[in-house]
Amino acid sequence: MCIALGEIAYEMVTGRRPFNPETGFELLEMQRAGVRIKPSDLRPSLSPVADELILQAISFEPTIRQSRARDFGDKLARALNAEMENR
């Protein structure tokens, strides 16, 4: 799965982008270094499961990300739905 879907999910739940590069090279370096602010830091009510799924999705290391976008979407939807039901 490409990092882009994880970046979209990050922005949807936090209202901010995980990376704000000036150049393509800077984006690569930021992705390699990893996100500095976890989604749960910006949205404390975010479940640990959803937080971890998003962080995995934006990981630079492909083996950490879900292999299929559909799997990521399904798992994230379940985590977010569970979060809403627990309110």
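The values are calculated or read from the model by the stated rules, or taken from the named source; none is laboratory data. Since the structure is predicted, the reported quantities are computational estimates derived from the model, not experimental observations. Heads up, the Cβs are rebuilt from the backbone with ideal geometry, glycines too, and the neighbour counts pull from every protein chain shown. Protein only, heavy atoms only, side chains kept; ligands, DNA and RNA dropped before computing areas. Shrake-Rupley method; radii C 1.70, N 1.55, O 1.52, S 1.80 Å.
Observations on the model:
- Under the condition of being free of Cβ contacts under 8 Å to residues at least 60 places away in the same chain, open to solvent by less than 90 Å² (accessible area, probe 1.4 Å) and either part of a loop (DSSP other than H, G, I, E, B) or touching a helix residue (DSSP H, G or I) at 6+ places or on another chain (Cβ under 8 Å) (or both), the residues counted in region 60-75 number 5.
- The sole residue among 78, 17 that is assigned to a helix (DSSP H, G or I) and either without any contact (Cβ under 8 Å) to a residue 12 or more places away in the chain or over 12 Å from the mean Cα position of the chain (by Cα) (or both) is 78.
- Put simply, of 82, 57 the only residue that is of a type in the set (Gly, Ala, Ser) and exposed (fewer than 13 other Cβ atoms within 10 Å of the Cβ) is 82.
- Summed over region 20-53, residues that are surrounded by 13 or more Cβ atoms within 10 Å (Cβ to Cβ), assigned to a loop (DSSP other than H, G, I, E, B) and without any contact (Cβ under 8 Å) to a residue 24 or more places away in the chain total 2.
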